[in-house]
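Below is one structure; the comments refer to it alone.
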Amino acid sequence: MRINCFSASRLFSIIAHKPINITDKCINKLKGVLGNGEYFRISIEPGGCSGFQYKYQITTNLNSDDCVFVEKDIKFVTDRLSIDLIRGSTLDYKEELIKSGFQITDNPNAQNNCGCGASFDSK
């Protein structure tokens with residue numbers, strides 16, 4: 001279900017049912033880094049070693065093709081093209097010796113994933 005809303009003279013959609021799962025570890029990390037009025041943007045761009053790459057950004061800007069959903073008071077935003085490529089996946093925060101960061105896992109729309117988890121090939 002989508003509800004059209006106006007914000008800063010722009011039209012965007014609020015999604016009643018979240019399209020992806022968000023881990024508690026991810027939520028806790030975002031609560032420590034997001035400021036008031038900030039959104040965590042998840043987008044898909046061409047690139048990476050498998051065809052598409054995940055991109056994460058903290059933003060205050062919403063675009064006309066954006067979809068917003070809220071999980072435990074954290075506001076997430078993604079564009080309408082990216083949402084179909086991440087629907088059903090899980091957003092996690094991974095802490096490893098080599099690197100730490102946000103990562104999409106268990107993406108049912110991915111045919112192949114690169115070894116580092118930063119990119120994928122869609123079905």
How big is the charge dipole of the range 21-105 about its Cα centre, in debye rounded to the nearest 20, if each Lys and Arg gets +1 on its Cβ and each Asp and Glu gets -1 on its Cβ?
-> 160 debye
Cβ-derived FRET efficiency at R0 25 Å, N109 paired with N63, nearest 0.05 = 0.70
Indicate the gyration tensor shape class of the range 21-105 (rounded, prolate or oblate), computed on the Cα atoms with a ≥ b ≥ c the square roots of the eigenvalues: a/c under 1.5 is rounded; otherwise a/b larger than b/c is prolate and the rest oblate.
-> oblate
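Every number in this text was worked out from the coordinates using simple rules, so none of it is lab data. As the structure is a computational prediction, the values presented were derived from the model and not from experiment. Virtual Cβ from ideal backbone geometry, glycine too; neighbours counted across all protein chains shown.
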